[in-house]
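One structure is given below, encoded as structure tokens.
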Amino acid sequence: IGSGITGSDGTVDIILTQPVIDGETITVGVVDDAGNRAEESIIVPDLTAPLINADVKDATHVEVTSNEVGTIIITDAQSQVIGSGTAINGKTEITLTRPLQDNEEIKVSVTDQAGNTSQENVLVGDVTAPTIEIEIKDENNITVKSDEAGAEVVIKNDMRNRHGKNLH
């Protein structure tokens, strides 16, 4: 998968024709000008960063999926840590130290036990709940105002019965 000639200091950097795989055994052989041979086998250490995916669940929770055990760090645009935890093989929900803002960019990284790090930049969507102002005009009419146009409004009584929908 690779070969080369050592330089005057006895070293050579070889670009491989195919990548080595974590846990694979490779054999390196060296032959000098006199035909003397030396050979050594080595197991390739963990060189592969974890595969990760981050999903913002709401303003204070990010779900991180990783194929490896590792340390999760979530930072904001100012590189301040706003969440951390331990990734397991699968999904891990991280509770943030502060609420996210709409359209904020965060960075989610997972570092595996061998020190390999993957990072994903995440643009936060709409995670801010709408504001509500309520005015009861009479027993049959309620005005609701919100800071988000097009938001669905549902009014229920103590018995959870719906009394209105999309009242703008």
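The values are calculated or read from the model by the stated rules, or taken from the named source; none is laboratory data. The structure presented is a predicted model; accordingly, all values stated were derived computationally and were not measured. Positions of Cβ are backbone-derived with ideal geometry, glycine not excepted, and every protein chain shown enters the neighbour counts. Each accessible area value is taken on the protein alone, full model and side chains, heavy atoms only, with ligands, DNA and RNA left out. Shrake-Rupley method; radii C 1.70, N 1.55, O 1.52, S 1.80 Å.
Among the residues of the range 111-148 satisfying the criterion of being touching a Lys or Arg at 6+ places or on another chain (Cβ under 8 Å) and closer than 30 Å to Leu47 by Cα, which is most open to solvent (accessible area, probe 1.4 Å)?
Selected residue: Gln119.
In this structure, does Arg98 turn out to be at pLDDT below 95 and either within 30 Å of Asp22 (Cβ to Cβ) or surrounded by fewer than 12 Cβ atoms within 10 Å (Cβ to Cβ) (or both)?
no
Could you tell me how many of the residues in the range 72-122 are within 20 Å of Ala49 (Cα to Cα) and not in a strand (DSSP E or B)?
Matching residues across the range 72-122 total 5.
Which count do you get for residues in the range 12-48 that are of a type in the set (S, T, N, Q), surrounded by fewer than 10 Cβ atoms within 10 Å (Cβ to Cβ) and assigned to a loop (DSSP other than H, G, I, E, B)?
The number of residues fulfilling the criteria is 3.
Exactly one condition in (1) surrounded by fewer than 16 Cβ atoms within 10 Å (Cβ to Cβ); (2) in contact with a Lys or Arg (Cβ under 8 Å, 6 or more places away or on another chain); (3) under 30 Å from Glu93 (Cα atoms) is not met by Asn53; state its number.
(2)
With the structure loaded, tell me whether Glu63 is open to solvent by 70 Å² or more (accessible area, probe 1.4 Å) and part of a strand (DSSP E or B) or whether it fails that test.
When the stated conditions are applied, Glu63 does not pass them.
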